[in-house]
Amino acid sequence: MPDELKGFGGGLNATLIHPVVLVIMLSTILLLLLLPQKYRIVPLLLCIFSVPQGQQFYIAGVHWYVIRVVILSGLISLLFSKRKSSRSQLADRFNFIDRAFLVYVLCEASATLMRNMSTPALLNQVGFLIDYLGAYFLIRRLIKDEADVHIAIKCLAVIAAIQGIEMVREQIVGVNMFGMLGGVRLYPELRNDHLRSTGVFQHTLTAGTIGGTLVPLFLLLWKRAKATWIALVGLAGCTLMTITSHSSTPLLAYAFSFLGLAFWPIRNNMRFVRWAIVIFLIVLNFTMKAPVWFVIAHVDLTGGSSGWHRAELIDQFFRHFKEWWLLGTDNTDSWGFDMWDAQNQYVQVGDQGGLLALVWFIAMISHCYKRLGLARKSAKSNSQKWGIWCLGATLLATCSGFFGVNYFDQSRVVWFLLLAIICCMTAKVSSTPAVQITRPLVEWSPIADPVRIEGTA
């Protein structure tokens with residue numbers, strides 16, 4: 001994430017608050033305080049994906065972004081909430097995913113402060129912590145049971161439809177409606193004679209990639225919540241978002257969504273698939289003239305992709321290990337042409353937080369797969385297993401998208417929501433006493449070697 005988006009001072013396309021945005025913000029704050037906790041996720045998500053990231057107001061020398069104010073208001077609203085249930089108590093438990101997220105974010109903030117010991121840097125990282133820890137734990141608190149999950153996904157379907165329609169409108173009119181509010185580009189980027197729509201997002205990559213990763217969630221909604229029409233609306237919206245972004249990374253994320261779903265018929269033989277992928281990559285690495293990650297350089301689905309930049313970024317990331325492993329680095333622009341543009345989530349985490357942050361980030365993803373595997377194995381019906389599988393496919397699409405983009409705007413909220421949904425939907429199995437499980441369980445993961453577990457996580 002660019003530093004200017006992390007803290008109170010400065011910001012990408014920062015613009016003083018528009019009157020319409022002020023009304024949206026005040027209405028959202030009021031709803032967060034008055035609505036039952038079960039429905040607070042709706043105004044929260046609608047506001048975040050209706051207000052450009054750059055919208056902010058300036059008080060006492062500090063830039064307060066609207067989305068950040070809404071997050072703080074949501075946290076305050078939790079003080080007035082007393083909703084409890086046996087299932088919500090399980091979902092609320094502080095688990096390994098929460099710990100890993102907390103540690104990786106704190107590592108990133110601490111490393112940045114150690115590299116830049118100053119008051120502006122401190123304010124910058126306070127804002128970063130609100131954006132990440134505040135938003136993540138607010139969403140974790142709001143997603144307590146399966147009903148909450150369905151409400152959140154239905155809300156995402158509406159958001160995807162709105163963004164999809166607006167991004168198509170950008171293709172026709174050549175003007176971004178959200179850009180009229182300020183805080184996001186007014187005119188879409190033109191590359192190779194194609195307009196690249198952005199919607200409310202800061203960049204076409206984040207807009208399209210979010211669209212590409214949402215497909216399995218809407219299929220989960222279709223099967224589990226009997227919400228066929230809203231699921232179809234969401235699918236249409238995310239497809240339009242992916243196509244109108246005119247970028248390879250969103251198209252690949254979209255393809256990986258269906259690839260993850262396509263493995264469903266052979267779900268009991270994924271161990272063989274995983275090892276086949278590992279062996280294939282090893283053989284490919286020894287037969288190629290360049291490291292295996294330079295396969296990315298040959299991926300161009302739109303005729304104007306930056307596949308070489310993505311591959312070179314990973315290559316330079318390994319070559320300059322000594323520069324970033326301890327406390328990260330702010331000097332990636334010296335690695336080569338355009339290396340300052342770290343459009344790779346894994347590289348970005350390492351650059352900003354060092355090796356420790358990267359290890360915890362990967363451990364968090366790995367544990368998500370482990371919990372999903374345990375949940376699928378213990379599910380009593382194919383419908384429940386399919387729901388868990390859809391979450392795994394969404395995670396697969398997201399992790400594949402991370403190789404071509406880092407989530408530095410509203411897109412990160414979708415990532416937090418996915419983590420919260422995984423924690424909620426796997427809470428029951430993760431709390432099951434070990435004595436109730438009599439045989440080893442194997443985690444579900446189309447990209448990682450399975451971990452055999454005796455009992456429970």
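The values are calculated or read from the model by the stated rules, or taken from the named source; none is laboratory data. All figures in this text were calculated on a predicted structure; none of them were measured in a lab. Here Cβ is always computed from backbone atoms with ideal geometry, including for glycine, and neighbour counts include all displayed protein chains.
Considering only the stretch 167-189, I want to know if a residue exists there that is closer than 18 Å to SER248 by Cβ and touching a Lys or Arg at 6+ places or on another chain (Cβ under 9 Å). Yes; the residues of the stretch 167-189 include at least one that is closer than 18 Å to SER248 by Cβ and touching a Lys or Arg at 6+ places or on another chain (Cβ under 9 Å).
For LEU326, the requirement of being of a type in the set (A, V, I, L, M), more than 22 Å from LEU133 (Cα to Cα) and buried (at least 22 other Cβ atoms within 10 Å of the Cβ) is not met.
Name the residue, out of GLY304, GLY350, GLY260, that is among the small types (Gly, Ala, Ser) and part of a loop (DSSP other than H, G, I, E, B). I'd like the intermediate steps shown before the answer.
Details: GLY350 fails: part of a loop (DSSP other than H, G, I, E, B); GLY260 fails: part of a loop (DSSP other than H, G, I, E, B).
The conditions single out GLY304.
Within the set of pairs 6 or more residues apart or between chains, which connect a residue that is closer than 12 Å to PHE294 by Cβ and in contact (Cβ under 8 Å) with a residue 12 or more places away in the chain inside the stretch 306-325 to a residue that is outside any helix (DSSP H, G or I) and polar (S, T, N, Q) with Cβ atoms less than 6 Å apart? Qualifying pairs under 6 Å: LEU313/ASN344.
Any chance the stretch 143-160 includes a residue that's farther than 23 Å from ASP409 by Cβ, acidic (Asp, Glu) and part of a helix (DSSP H, G or I)? Even if it seems obvious, please write down each step before you answer.
Taking the stretch 143-160 first, the residues farther than 23 Å from ASP409 by Cβ are 144-151.
Restricting the remaining residues to those that are acidic (Asp, Glu) gives 145-146, 148.
Among the residues that remain, those that are also part of a helix (DSSP H, G or I) are: 146, 148.
There is at least one residue in the stretch 143-160 that is farther than 23 Å from ASP409 by Cβ, acidic (Asp, Glu) and part of a helix (DSSP H, G or I).
Mind checking which residues of the stretch 370-395 are buried (at least 22 other Cβ atoms within 10 Å of the Cβ) and over 12 Å from MET425 (Cα atoms)? Hits for the stretch 370-395 are LYS370, ALA393, THR394, LEU395.
In the stretch 388-411, the qualifying residues are those that are β-branched (Val, Ile, Thr) and touching a residue at least 60 places away in the same chain (Cβ under 8 Å), and the one that is farthest from TRP222 (Cα to Cα) is VAL405.
Report whether or not THR329 is over 26 Å from GLY212 (Cα atoms) and without any contact (Cβ under 8 Å) to a residue 12 or more places away in the chain.
Details: over 26 Å from GLY212 (Cα atoms): yes; without any contact (Cβ under 8 Å) to a residue 12 or more places away in the chain: no.
Answer is no for this residue.
Taken together, ASN285, ASN269 contain a single residue that is assigned to a helix (DSSP H, G or I), out of contact with any Pro (no Cβ under 6 Å at 6 or more places or on another chain) and more than 18 Å from ARG319 (Cα to Cα), which is ASN269. The C-beta contact set for the stretch 353-369 (first residue at pLDDT 95 or above, second residue among the hydroxyl-bearing types (Ser, Thr, Tyr) and assigned to a helix (DSSP H, G or I), distance under 6 angstrom, 6+ apart or interchain) comprises ALA357/TYR104; TRP360/TYR104; PHE361/TYR104.
When we screen LEU79, LEU123, LEU113, LEU102 for residues that are without any contact (Cβ under 8 Å) to a residue 12 or more places away in the chain, surrounded by fewer than 18 Cβ atoms within 10 Å (Cβ to Cβ) and outside any loop (DSSP other than H, G, I, E, B), the only hit is LEU79.
Check the stretch 205-220 and report whether any residue there is surrounded by 20 or more Cβ atoms within 10 Å (Cβ to Cβ), among the aliphatic types (A, V, I, L, M) and outside any helix (DSSP H, G or I). Steps first, answer last, please.
First, pick out the residues of the stretch 205-220 that are surrounded by 20 or more Cβ atoms within 10 Å (Cβ to Cβ): 205-220.
This time we only want the ones that are among the aliphatic types (A, V, I, L, M), so: 205, 207, 210, 214-215, 217, 219-220.
Those still in the list that are outside any helix (DSSP H, G or I) too: 214.
Yes; the residues of the stretch 205-220 include at least one that is surrounded by 20 or more Cβ atoms within 10 Å (Cβ to Cβ), among the aliphatic types (A, V, I, L, M) and outside any helix (DSSP H, G or I).
For THR198, indicate whether it is in a helix (DSSP H, G or I), crowded, with 23+ Cβ neighbours inside 10 Å and among the polar types (S, T, N, Q). So THR198 fails the test.
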